[in-house]
Amino acid sequence: MKKINWGTGIFIFYTFFATTLFYQVYKSTQYDHSLVVENYYEKDLAYQSTLDKLNNSNALETPLQINYYDILQLVELAFPKEMKNITGSILFYRASDKKADVLLPIEVGMDNCVDVFIRTLKPGFWKIEVDWVGDGTPYLDRTMIVVPDYIPDELISEVLD
């Protein structure tokens, strides 16, 4: 068995070091460094209005109910029955991938409820942000859900029957 001399050892070390360095530079160019939210600074400056909306939501006698049914993959928004003229938007926000975010308009039914089927959302953690106006007063409600990785169609059909 032949021993490695110090010159060969230094060559192997620097070759390994350079290869590792180039690999890390390559991997860093593949990462998306953009901000999670567009217009980050404008949103930060307007945060007082967000706090006001959250305080308005907390002051409601009957708050907005956000119910998530994972087997049906359905999010149900139950607005207060006494509210009229409800408008706004529902944001499904995924912190790990801004391209997966979904923004939907609020279309309230006769019973002041909105049903949103979320079968197309990727599995994982999602933040639901409901920015709405009822009777001229702005409100904001937030909650977190976990969309499961897989739900068998047989289980869904059992629940629906």
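Each value in this text was obtained by applying a stated rule to the coordinates, not by laboratory testing. As the structure is a computational prediction, the values presented were derived from the model and not from experiment. Neighbour counts are summed over all protein chains in view; Cβ atoms, including those assigned to glycine, are modelled from backbone coordinates with ideal geometry.
Measuring nothing but how far apart in sequence close Cα pairs (under 8 Å, 6+ apart) lie, relative to its length, region 22-103 scores a relative contact order of 20 percent. Taking the average, over residues, of other Cβ atoms within 10 Å as the packing measure, peptides 117-126, 4-13 rank 117-126, 4-13 from highest down. Between the Cα long axis of helix 6-29 and the first principal axis of the chain there is an angle of about 20°, rounded to the nearest 10.
The share of alpha-carbon pairs in the chain lying farther apart than 26 Å comes to 50%. Placing +1 on each Lys and Arg Cβ and -1 on each Asp and Glu Cβ, with no other charges, gives the chain a dipole about its Cα centre of roughly 1400 debye.
When each of Arg142, Arg94 is scored by the number of other beta-carbon atoms lying within 10 Å, the sequence from fewest to most is Arg142, Arg94.
Pairs of Lys residues in region 40-160 that lie 8 or more places apart, or on two chains, and have C-alpha atoms under 24 angstrom apart add up to 12. Would you mind checking the tilt of helix 47-58 against the longest principal axis of the Cα atoms of the chain, expressed as 0 to 90 degrees and rounded to 10? Roughly 50 degrees, rounded to the nearest 10. With contacts taken as Cα pairs under 8 Å and at least 6 residues apart, the chain reaches a relative contact order of 21 percent.
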